[in-house]
Structure formats: structure tokens, C-alpha cells
Amino acid sequence: MIKYCFILSGLLLLFSGSGMAQLADTNAIKALYDRSLDFSEERLDSLQTNAGLIEKASEELHFPKGLILATRLKGLVEEYSGNYEDAIAYYLKTLDDARAGGLIEYEIAALSDLAITYSSVKQYEKALDVYRQSLELSKKRKEVSSLISGMGNLGAIYNLLNHTDSAQQVLEEALRLSKEYNSTETLSTIYNNLGNVFFKKHEYKKALEYFNLSRAMHQHPNAVAVLWTDYLNIGDVYLEMGQLDSARFYIESSLKLAKDLNSRSKEASSYALLAKLYERLGQYKKAYQYQQQWYQLDTALVNHSSAAAIAELQERYNAKDREKQNQLLQAAVEREQLQNRNLTTLIFAALIVLILISASLLIYRNSNRELKRVNTIISRQKEALSKLNEEKNSLISIVSHDLSAPFSSIHMWARLLDSEILDPQRQKAAEKIRQAAESGEKLIRHILEVERIGTGTAKLELEDTHLTAYLNHLVEQYQPVAEEKNIRLEGPDSRQPVYLMTDQAILKRIVENLLSNAIKFSPAHKLVQVQVQESSETVDILVSDQGPGIPLEDRDRLFTKYGQLSARPTNGEASTGLGLAIVKRLVQELN
């Protein structure tokens with residue numbers, strides 16, 4: 001439950017007026033806006049009041065830049081309140097007004113706000129795309145402070161997407177620039193996000209070092225919101241290090257700060273980590289209570305309907321932007337048509353003898369124009385398909401989020417029942433509940449895995465592996481499952497060692513899927529074998545069983561997602577049709 005910090009971009013504003021009175025008024029607007037940017041969640045009322053004052057004064061002064069500032073502050077109010085749909089609507093309007101006025105510094109700030117909000121609703125790919133746009137604009141302007149804040153935020157998103165090496169590289173460059181230019185405004189956020197990188201890499205001492213550096217910068221009354229992040233992150237590190245007393249102190253401290261701030265999102269994150277802590281302590285009932293408190297808050301903050309509404313807002317903005325582009329394109333086409341008509345008239349008057357050539361040229365030009373039109377339609381269809389694919393992935397993430405919590409709760413209650421003294425019939429029922437919950441969790445993991453594998457983002461960790469010994473180790477883990485069905489399970493002959501340079505984690509997932517299938521589709525008293533055959537250039541791993549085999553008509557669907565074949569498991573086991581699709585992608589990943 002490590003929390004990331006994002007840097008809110010400020011606007012460097014230059015105001016000018018026709019007279020001394022207006023100059024003073026616009027400077028007052030700027031000063032009030034700058035003070036408002038420093039407000040955190042505990043000062044929402046003041047932030048909303050200031051947004052209204054800036055809007056009213058800007059309307060009286062006919063000052064469009066001030067209206068943009070007021071819109072942005074309204075977005076911050078909604079974001080801090082957890083109303084992400086309304087926040088994105090305000091930020092999109094800020095972005096639209098900034099682009100219409102050619103105000104690049106406002107555009108950078110609006111893009112940064114949008115990306116932070118997309119991160120809050122777990123749309124990390126969309127946040128990454130928006131941050132990249134913001135960073136490109138900062139590079140063009142050569143504005144160091146915006147560049148540092150943009151790199152700090154980009155590093156956080158890379159880490160959320162598990163691109164830890166990219167995250168570390170970007171954040172270390174941001175840290176270098178901060179120290180070179182003595183820019184301390186964003187230093188604590190960079191420390192925090194570097195701590196998150198090392199946390200994901202399981203380098204907990206290094207992570208704790210950076211989190212403590214961040215905490216040291218927040219020991220003042222106006223830093224309660226960011227101090228909550230420090231406490232939560234330090235508590236999570238201690239939890240992973242097994243220092244549970246220290247973990248409890250910091251996590252409970254984070255919950256107190258969240259309640260003081262009256263922040264539902266922060267309170268939800270603290271409850272989630274408390275559930276994890278008490279599960280480690282073996283106090284499952286208390287862990288379940290905290291998990292329920294987390295689930296109620298977290299589901300209320302981010303659910304399918306709000307995600308759909310956010311996507312609709314984004315599409316409305318994109319449609320509006322496309323309409324403007326189409327208008328510009330239409331104007332250009334009309335100018336081109338006018339030029340072509342004038343040119344045709346001139347050619348006809350001066351070169352009457354070339355009428356046939358001109359006619360041929362016109363036919364060619366029309367054909368070329370039609371070809372361009374068709375290409376444009378194809379390009380737009382590709383963009384639409386890409387967006388539909390993104391929405392599908394977002395829907396899968398949201399559904400898995402909503403389904404995983406009930407299955408976790410069922411699983412936790414089943415474990416709690418295991419600890420009670422029950423008669424054999426009730427014990428068997430509790431075991432069936434646990435198995436059903438595990439099957440549900442496994443199905444969700446399979447669905448996510450089959451969508452995620454093969455993107456090319458995973459980094460292979462190759463090592464020289466004693467293949468026959470490693471396969472025998474995997475076979476031993478499946479012996480209890482085979483024995484339940486009276487199936488004999490044999491591993492490869494380890495007397496002739498075979499070595500293979502491979503990624504052991506990926507190889508394990510491949511073999512486990514194949515072994516699970518072989519046992520699932522084999523009748524009792526049959527043999528399942530794992531063998532290794534080595535040639536001069538290749539090593540073949542063979543998993544064979546004595547089941548019904550695969551009919552010829554089923555083989556085209558063998559490695560497709562959700563491809564249910566005619567053969568059924570011999571003991572009524574669940575089959576999702578995802579296993580071999582995962583195996584195929586994993587094998588391709590290993591080349």
C-alpha cells in the first residue's frame with residue numbers, strides 16, 4: 001500500500017495592465033492564487049472561497065487569465081474532495097482555454113493536473129501519456145522547475161506501471177537537477193518516489209532511507225497531508241521487514257492524520273495497510289474488519305460508473321478538439337480548391353492545346369484525393385480501436401478490483417473457521433468454501449495475466465539453471481495433487497544433468513500450467529511424465545499424460561484465450577480456457 005507523491009505544477013504568471021489600479025488588482029489576484037496553491041486538504045473551504053474571489057475579480061476586470069486560474073482552483077477543490085469526475089471536467093476546461101489562448105505555461109499545469117487525477121483513479125497508462133505531453137512542453141520552454149516536477153511525476157507513474165528501472169533513471173535525474181539548481185520545492189516528493197522504487201525492488205533499507213529523508217522535510221504544522229504519506233510508507237517498509245511493532249506505530253499514526261484531514265482516500269489507504277498488518281499478526285478477525293472499512297471507502301471513491309463518466313468527459317473533450325481540427329482542415333481544403341480553380345482557368349486560357357493532359361491530371365488528382373480520404377478513414381478507425389482496447393483494459397482492472405475484495409473476504413473467513421474446532425462435516429464445508437474462494441481468485445489472476453503478458457515490458461532475468469533438478473523440484477510440488485487422484489507423477493532423469501540459460505520464474509509458470517492440465521485431464525491410476533531431451537542446439541521439455549487427447553477439430557482453438565475444448569476434466573475441476581494461452585505468450589516471451 002505504498003503511496004506515491006505527485007508534484008502540483010505552479011504557474012509563472014506575468015501580468016500587465018493599462019493603468020496602475022489594474023496592475024495592482026491583477027497582482028492581488030496573482031498573490032491570492034499563489035497562496036491558494038499551498039493549501040492542502042484541511043483548507044478546502046478557504047481554497048473554494050479564493051477560487052470564487054479570483055473568478056469574480058477577473059470578470060470585473062475582463063481578465064481572461066484570472067478566469068483560467070479560478071477554474072484550476074475549482075478543479076483542485078474537487079480533486080481534494082475525491083470528486084474526480086468533476087475535477088477532470090474543470091481541468092479539461094483549463095486545458096482548452098489555455099490552448100485557445102496560446103498560454104503554454106497554463107497548458108503545462110493543466111496537463112499535470114489531469115495526469116495526477118488519472119493516477120488517482122488508477123488509469124496509469126492515460127496518466128503516463130499526459131505526463132509525457134507536459135514534459136515535452138517543459139523541455140521546449142527550458143523551464144527547469146517545471147521540468148523537475150514533470151520528471152518527478154513521470155517517475156512515479158513508471159513505478160506504478162512496474163517499470164522500476166525507468167522510474168529510477170528519471171527520478172535520479174530529477175534529483176540531480178534539483179541539487180544542481182538548488183530547487184528544494186519538489187525535493188521531498190522526489191525522495192518519496194525514489195523510496196517507492198527501492199520498495200518495489202525489495203531493497204527495503206534503501207527505501208527507508210529515502211522515506212526518512214522525506215519525513216525530515218515535513219516536521220512543521222502546514223505539512224500534515226504529506227506527513228501522512230511519509231508515515232504510511234515507513235509503516236509499509238517496516239511491515240515488509242518484519243518489524244511489526246514499528247509498522248503498527250506508523251500505520252496507526254497515518255490513520256489518525258487521515259481522520260484529522262477528513263480525507264476518505266487517505267483513510268482508505270490506512271485501513272488497507274492495517275488489514276495487511278493484522279493478517280501478518282494472525283489476527284484474522286481484526287484484519288477482516290479493517291479490510292471491510294477499506295473496501296467500503298475505496299469502492300465509493302473509484303467505481304465503474306465514475307470511471308465510465310471520466311472516460312466520457314475525456315471523449316467529449318477529444319471530440320471538441322477534433323471538431324476544431326476538422327474546421328481548420330476544411331478551411332485549408334477550401335483555399336486549396338480555390339487555388340486549383342484559378343490555376344485551371346489560367347491553364348485553359350493559355351494552353352488550350354493541353355486540354356487532354358489537364359483532364360488526365362485532374363482524374364489523377366481526384367483519385368489521389370480519394371485515396372487520401374480512405375487512408376484518413378482507416379487511420380481514424382485504428383485510433384478508435386486503440387481507444388476501445390484501452391477502455392477494455394480499464395474495465396478489466398476495475399472489475400478485478402471489485403471482485404478481488406469479496407473473494408479475499410471469503411478466503412479470510414474460511415481461514416478463520418479452520419482455526420475453530422468443527423465436526424468433520426462442517427470442516428469439509430469450510431474447506432470447500434476456501435477452495436471456491438481460491439478458484440475465484442485464481443480466475444481473476446488468470447484474466448489479468450492473459451491480458452498483461454506479452455506486452456514486451458517485462459525484463460527477463462536469465463540465469464544458468466540445472467534444468468533436470470529444477471523440473472524435479474516442480475514435480476515434487478504437484479505430487480499431493482496427483483496423489484489425490486491416484487495419478488503417478490514422474491520427473492526427468494537427473495543422472496544426466498542438463499543446463500539451460502533461462503528465466504526461472506517464467507519457466508516455472510509454463511511448467512506449472514502444463515502439469516496442472518495433465519493432472520486435471522487424466523483419469524485415476526494413469527501416468528503423467530515430465531522429460532527432457534537435449535540436442536546440439538535445443539533443449540525440449542515434454543509433459544505427457546494418458547488422458548483423452550485433443551481431437552483434431554479442437555486444435556485450432558488450443559492456444560486461444562478462453563478456448564474451451566470438448567475434453568473435460570476427469571474429476572469436475574474448474575477450467576477457464578486461459579492456461580495454454582498464457583503458456584504460449586510466456587514461451588514467446590522467452591523467444
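The values are calculated or read from the model by the stated rules, or taken from the named source; none is laboratory data. Nothing here was measured: the structure is a model prediction, and the numbers come from that model. Every residue, glycine as well, gets a Cβ built from its backbone with ideal geometry; the counts of neighbours run over all protein chains shown. The area values use the complete protein model at the heavy-atom level, side chains included, leaving out ligands, DNA and RNA. Shrake-Rupley method; radii C 1.70, N 1.55, O 1.52, S 1.80 Å.
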**Report entry** Test: residue in the range 125-136 that is in a helix (DSSP H, G or I), closer than 14 Å to residue 186 by Cβ and open to solvent by 40 Å² or more (accessible area, probe 1.4 Å)
**Finding:** no
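Here is a check on your reading of the model: is residue 295 at pLDDT 60 or above and closer than 19 Å to residue 82 by Cβ? First the steps, then the outcome.
Values: at pLDDT 60 or above: yes; closer than 19 Å to residue 82 by Cβ: yes.
For residue 295, the condition - at pLDDT 60 or above and closer than 19 Å to residue 82 by Cβ - is met.
Just one of 145, 166 is modelled with pLDDT under 85 and among the small types (Gly, Ala, Ser); which is it? Walk me through it before giving the result.
Values: 166 fails: modelled with pLDDT under 85.
Answer to the check: 145.
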Query raised in the report: If you take the residues in the range 253-269 that are in contact (Cβ under 8 Å) with a residue 40 or more places away in the chain and over 10 Å from residue 297 (Cα atoms), which one is farthest from the chain's Cα centre (by Cα)?
Result: 260
Query raised in the report: Being under 19 Å from residue 549 (Cβ atoms), over 38 Å from the mean Cα position of the chain (by Cα), open to solvent by 80 Å² or more (accessible area, probe 1.4 Å) and not acidic (Asp, Glu), is that true of even one residue in the range 476-487?
Result: no
Report task. Looking only at the range 140-163, count how many residues are open to solvent by 40 Å² or more (accessible area, probe 1.4 Å) and under 18 Å from residue 99 (Cβ atoms). Result -> 2
Query raised in the report: Taking residue 97, is it over 17 Å from the mean Cα position of the chain (by Cα) and open to solvent by 40 Å² or more (accessible area, probe 1.4 Å)?
Result: yes
Query raised in the report: Which one is surrounded by the fewest Cβ atoms within 10 Å (Cβ to Cβ), of the residues in the range 33-79 that are acidic (Asp, Glu) and either touching a His at 6+ places or on another chain (Cβ under 9 Å) or more than 22 Å from residue 223 (Cα to Cα) (or both)?
Result: 60
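So if I check each of 491, 563, which one is of a type in the set (Gly, Ala, Ser), farther than 21 Å from residue 438 by Cβ and modelled with pLDDT of 90 or more? Please lay out each step first, then the result.
Values: 563 fails: modelled with pLDDT of 90 or more.
Checking each option against the conditions leaves just 491.
Out of 380, 369, 373, 365, which single residue is closer than 30 Å to residue 127 by Cβ and either modelled with pLDDT of 75 or more or not in a helix (DSSP H, G or I) (or both)?
On the way: 369 fails: closer than 30 Å to residue 127 by Cβ; 373 fails: closer than 30 Å to residue 127 by Cβ; 365 fails: closer than 30 Å to residue 127 by Cβ.
The match here is 380.
Could you list all residues from the range 515-537 that are assigned to a helix (DSSP H, G or I) and either surrounded by fewer than 19 Cβ atoms within 10 Å (Cβ to Cβ) or without any contact (Cβ under 8 Å) to a residue 60 or more places away in the chain (or both)? Before the answer, list the steps.
First, the residues of the range 515-537 that are assigned to a helix (DSSP H, G or I): 515-520.
515, 516, 518, 519, 520, listed by residue number.
Here are some residues: 92, 103. Which one is more than 19 Å from the chain's Cα centre (by Cα), in contact (Cβ under 8 Å) with a residue 60 or more places away in the chain and open to solvent by less than 40 Å² (accessible area, probe 1.4 Å)? Walk me through how you get there before you give the answer.
Working: 103 fails: in contact (Cβ under 8 Å) with a residue 60 or more places away in the chain.
Only one candidate passes the filter, namely 92.
Mind counting the residues in the range 497-514 that are open to solvent by 20 Å² or more (accessible area, probe 1.4 Å), within 29 Å of the chain's Cα centre (by Cα) and more than 12 Å from residue 467 (Cα to Cα)? Lay out the reasoning, then the answer.
Narrowing the range 497-514 to residues open to solvent by 20 Å² or more (accessible area, probe 1.4 Å): 497, 499-501, 504-505, 508-509, 512-514.
Now narrow it down to the ones that are within 29 Å of the chain's Cα centre (by Cα): 504-505, 508-509, 512-513.
Retained after the next criterion (residues that are more than 12 Å from residue 467 (Cα to Cα)): 505, 509, 512-513.
Residues in the range 497-514 being open to solvent by 20 Å² or more (accessible area, probe 1.4 Å), within 29 Å of the chain's Cα centre (by Cα) and more than 12 Å from residue 467 (Cα to Cα): 4 in total.
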Query raised in the report: Any residue in the range 540-559 that is farther than 30 Å from residue 496 by Cβ and modelled with pLDDT under 70?
Result: no
Query - Pair list, Cβ under 6 Å, 6 or more apart: the range 472-490 residue without any contact (Cβ under 8 Å) to a residue 12 or more places away in the chain, other residue assigned to a strand (DSSP E or B) - result: 479/489
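Condition first: over 30 Å from residue 159 (Cβ atoms) and in a strand (DSSP E or B). Now tell me which residues in the range 465-475 satisfy that.
First pass over the range 465-475, keeping only residues over 30 Å from residue 159 (Cβ atoms): 466-475.
Across the range 465-475, the qualifying residue is only 466.
Can you tell me which residue in the range 403-428 is modelled with the lowest pLDDT, limited to those that are open to solvent by less than 50 Å² (accessible area, probe 1.4 Å) and not polar (S, T, N, Q)? It would help to see each step written out before you state the result.
As a first pass, look at the range 403-428 and keep what is open to solvent by less than 50 Å² (accessible area, probe 1.4 Å): 404-405, 408-409, 411-412, 414, 416.
Imposing the further condition that a residue be not polar (S, T, N, Q) reduces the set to 405, 411-412, 414, 416.
Numbers: 405: 61, 411: 66, 412: 68, 414: 72, 416: 70.
Here the residue is 405.
For residue 46, indicate whether it is among the hydroxyl-bearing types (Ser, Thr, Tyr) and modelled with pLDDT of 85 or more. Give the derivation first.
Numbers: among the hydroxyl-bearing types (Ser, Thr, Tyr): yes; modelled with pLDDT of 85 or more: yes.
So residue 46 fits the description; yes.
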